[in-house]
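For reference, the structure is listed below as structure tokens.
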Amino acid sequence: MQIGIPAKLAPVLFAQALSRLFLVYSAYSVIFAEVLLLLAGWHEGNAAVLWAGFLVGFPGFVLWWLMFSPLSPFSASLYLVFLGICLVIVSWAALATMPDVVSTKFLPFTLLGFALITTCGVAARVRDRLFWATLGYVIANVAIFVGAQLAGGVFEFDNRLLVGYVIVVLAVSFTPGLLRAQSKIQPSLDNSMDFISQDAQVVASAKDIAAHLHDTLLANLALIAQTKPGMLQQDVRESIEAQLARLENSELTTTRQTATSPELSSDTRERLSPVSTALAEAERNGLVINLSGDLASLENLTNDQITATAAALSQCLANVLAHSGQKNAEVVLLGIPSNVSITVIDGGVGFDVEAIPTDRLGLKLSVRERIEQAGGTVRIWSNPNHGAAIMMQLPTEVRDER
């Protein structure tokens, strides 16, 4: 599964986006320079600067046409020529007719020069972009120098234009590195999605096996109920034994181990086996369990707490089967540094918590008393016809593994 842009298309799409970005910067620079020239000419009543400002708009129209047409070296050359000529005229007009402009460090000149540099957006390869950016920088300085000479003004190198050129060169040069980094990240993201898909398949497999187990047991019980008292007939016994053998060799145990904590050590897995057994036993009895969390949440419990938890959990799951009217249950394992909680939820008939019926003595004896003796607490939420939730919380201790 791919996330976002496919890795093979990323370099092409990234290059196209960067090209458009440079051309947009070029267009904005031309427009900003034109506005400044028009305002300066209008403010001082300078017709030469006004006409120069209007003239600058012509390369701007050429550039917008380029952005919506196939980019080519020929069209880029035309743009450089048009904008270079305009920069000569603007430099001459401003230096010759505006007393306040005493050198070539005038912002409209800088903007038009930056527009020439960002013409590099017409190229796709890094080497070509560096060539066009450098060519634009050279043309900008030559045009400003020629305009200054025609006007008899002073030519000075503009540091702002040099900074703009360096920024563009750095952006162009680092593009391949970004693409290489993206190409390394994408396979990792794809692998992560594969792992998530595999986990989802494991959960679905567990549910299918549990449902198959439930159907098989019901069918066997119905078959036994229809037989006469006494020893089972040979064909009935063989049928049941064959189905039990298939279940024993199924992937139920493997699925449970994978879905819980494959990273647990063998010693920890052995300690937590009573809880795994309680879950597996409930599934063998026909309960479909949706397990959230993993057994690693319980690894800091003491052995006595694990034993109490397994017995209480087994009783809760048995109650779901016997009293809720449902064949499904949610089991949520949650661990924090100070305690762990095990919550069993069903969507069955529910009951009045304040008046637990006599047939629910298992909640009082097997669940509440066991957990409280292990130092924990039990909370019960339920209402008639609204299901039930039982949360068992136990404090943890930091185990010394030495």
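The values are calculated or read from the model by the stated rules, or taken from the named source; none is laboratory data. Bear in mind the structure is a predicted one, so any value in this text is a computation, not a measurement. Cβ coordinates were reconstructed from backbone atoms using ideal geometry, including for glycine residues, and neighbour counts include every protein chain displayed.
Odds and ends about this structure:
- Positions within the stretch 346-367 being farther than 24 Å from Gln305 by Cβ and modelled with pLDDT under 65, in sequence order: Pro357, Thr358, Asp359
Matching residues to (1) modelled with pLDDT of 70 or more; (2) in contact with a helix residue (DSSP H, G or I) (Cβ under 6 Å, 6 or more places away or on another chain); (3) more than 17 Å from Ala143 (Cα to Cα):
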residue	(1), (2), (3)
Ala10	no, yes, yes
Ala15	no, no, yes
Gly41	yes, yes, yes
Val81	yes, no, no
Cys86	yes, yes, no
Val101	yes, yes, no
Lys105	yes, no, no
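- Verdict on Val88 being surrounded by 17 or more Cβ atoms within 10 Å (Cβ to Cβ) and either among the acidic types (Asp, Glu) or under 15 Å from Phe22 (Cβ atoms) (or both): no
- Ala311 being among the hydrophobic types (A, V, I, L, M, F, W, C) and modelled with pLDDT under 85: no
- Verdict on Ile371 being crowded, with 18+ Cβ neighbours inside 10 Å, modelled with pLDDT of 75 or more and closer than 18 Å to Glu283 by Cβ: no
- Leu116 vs. criteria within 40 Å of the chain's Cα centre (by Cα) and either aliphatic (A, V, I, L, M) or in a loop (DSSP other than H, G, I, E, B) (or both): yes
- Residues that are of a type outside the set (Val, Ile, Thr), assigned to a helix (DSSP H, G or I), surrounded by 16 or more Cβ atoms within 10 Å (Cβ to Cβ) and more than 36 Å from the chain's Cα centre (by Cα), drawn from the stretch 146-166: Gly147, Ala148, Ala151, Leu161
- Single residue of Glu330, Glu354, Glu281 found to be in contact (Cβ under 8 Å) with a residue 24 or more places away in the chain, closer than 22 Å to Asn385 by Cβ and either surrounded by fewer than 21 Cβ atoms within 10 Å (Cβ to Cβ) or not assigned by TED's automatic domain parsing to the domain that holds Asn383 (or both): Glu330
- Lone qualifier among Leu279, Leu301 - being of a type in the set (A, V, I, L, M, F, W, C), under 22 Å from Pro395 (Cβ atoms) and either modelled with pLDDT of 90 or more or over 32 Å from the mean Cα position of the chain (by Cα) (or both): Leu301
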